[in-house]
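Each value in this text was obtained by applying a stated rule to the coordinates, not by laboratory testing. This is a predicted model, so every value here is computed, not measured. Note that each Cβ is placed from the backbone with ideal geometry, even for glycine, and that neighbours are counted across all protein chains shown.
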Amino acid sequence: MRRKIVPVTPKTLLRSGLECASCTRWEGLPTETDPERAHEAKADRMRRLIRECGACGKMIYVDNEALAYAQYGPARFFPGAQRFSTPVSDDAYLLTCLYVRSYASGRGLGRVLLQSVEASLVKRKVKAIETFATRDEKHALGPIEFYLQNGFYIIRDDPKFPLMRLELKALVGWQINIQFALDGLKIPVRGHVGAPVSFIR
């Protein structure tokens, strides 16, 4: 199976077939009943983010299917984060989305995609990544256990949605062959039609 990590643009996100193409929760936009209208609203925000800060997301493709997606950037581009009681640090990029299709979850795709995001942000000299986690496995946010296992720590605790942080300066000089790690994962050939997306992630 051919495996690759590709940058996210409005076009690549729309072609991915992922539900996140029309999700505007983090952009702080009203919920749209029409997916096409929602995608256009999300695309406009994404173009501005890419223009000002560079690539803002990554996807993992296996053959011709998108299996995992990540979205990140400065918190000012994601006004939806204001619904949380804890503010994101000014020196960090906010990781808003990191999820894997349900039939491919538990295979390490989330970990490898996160490592790819980390490597890109280290090159940009971003100081840290922060993300909101959850203690409720049924919630769309990623589980706190996943982030603790991947080097994050709780910077501001909350009964429901603790803010997690990873210091990227600790990764300077650290290297991993992302493609080698991706190729080593055991991934199912395909999932059932209509299989839901699994956050985590």
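Once you place label points 7 Å from the Cα toward the Cβ at Ser89 and Arg76, how far apart are they in nm?
In this crude spin-label approximation the distance works out to 1.9 nm.
Name the residue from Val126, Pro79, Thr96 whose Cα lies farthest towards the positive end of the charge dipole of segment 1-147, charges +1 on Cβ of Lys and Arg and -1 on Cβ of Asp and Glu.
So the residue we want is Val126.
Cross-link candidates for Lys123: which aspartates and glutamates have Cα within less than 17 Å, leaving aside residues fewer than 8 places away along the same chain?
Glu52, Asp91, Glu167
Quick one: order Thr86, Thr24, Thr131, Thr96 by neighbouring beta-carbon count within 10 Å, fewest to most. Mind showing how you got there, number by number?
Numbers: Thr86 15, Thr24 18, Thr131 27, Thr96 24.
Listing Thr86, Thr24, Thr131, Thr96 from fewest to most nearby Cβ atoms yields Thr86, Thr24, Thr96, Thr131.
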